[in-house]
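Presented below is the structure to which this report refers.
The values are calculated or read from the model by the stated rules, or taken from the named source; none is laboratory data. These numbers come from a predicted model, not from an experiment. All Cβ positions, even for glycine, are placed from backbone atoms using ideal geometry, and neighbour counts span all protein chains on display.
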Amino acid sequence: MELQHKEIPVEFLQRLPDGIKILKRHGREFMVVEHISGPNGEDLMSNSVQIHGEPSIRLGVRINGQEGLIFVDAFWGGHAKLYSFLPDSGGKDTEVEAFVPETGASLMAGHACEVEGCGCNRSIMLTLPDGRSHVYVCARLGCPGHAIEMAELPPSVSRSISSINFLGARAMEDDWFNEF
């Protein structure tokens, strides 16, 4: 997959939160998660597993009774993932249960996905270093929904950032799990 550029709002760049960095690739700017943690400050970044040349985000997951690790692309709006197991998707409404791999602490939160047609009311909640700002990732397997909520960021800018999908969001029914 080739990275596709999307414009990052100036208002966000002026208030760039700790834990998010801007990288230049081929003369263009991309947002990358640099540090993110679980509910008790657990570091979820994996330097040993990199995607697009950057550390990935490491999560423990349960999918239809199967359990393992997932490594998620740290590029904002990137959807590349590596699994430590081959999950059985179980259908289009399958939801992931995510947790901190070392402690088992739940990463799940009641946060509705804003992707049209998704309807999932649960998200994986990840915490930025200030402890008050969060990234939410839709719990529905294959949904590209994600959002950022920052204490000092106007909601309109948050919505603009949340809609960025650098690698292009494919339709949920096109998810690779459905190809097996």
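Couple of notes before you dig in:
- Considering (1) within 21 Å of Gly19 (Cβ to Cβ); (2) in contact (Cβ under 8 Å) with a residue 24 or more places away in the chain; (3) of a type in the set (Lys, Arg), the lone condition that Arg122 does not fulfil carries the number (1).
- Members of the stretch 36-55 found to be assigned to a strand (DSSP E or B), in contact (Cβ under 8 Å) with a residue 12 or more places away in the chain and touching a strand residue (DSSP E or B) at 6+ places or on another chain (Cβ under 6 Å), listed by number: Ser37, Met45, Ser46, Val49, Glu54, Pro55
- Failed item in (1) part of a strand (DSSP E or B); (2) in contact with a Leu (Cβ under 7 Å, 6 or more places away or on another chain); (3) surrounded by fewer than 16 Cβ atoms within 10 Å (Cβ to Cβ); (4) of a type outside the set (Val, Ile, Thr), with Gly60 passing the rest: (3)
- Test: residue in the stretch 170-178 that is surrounded by 14 or more Cβ atoms within 10 Å (Cβ to Cβ), part of a loop (DSSP other than H, G, I, E, B) and modelled with pLDDT under 85: yes
- Any pair with Cβ under 6 angstrom, 6 or more apart, that starts in the stretch 14-35 at a residue that is free of Cβ contacts under 8 Å to residues at least 40 places away in the same chain and ends at one that is assigned to a strand (DSSP E or B) and among the acidic types (Asp, Glu): Ile22/Glu29
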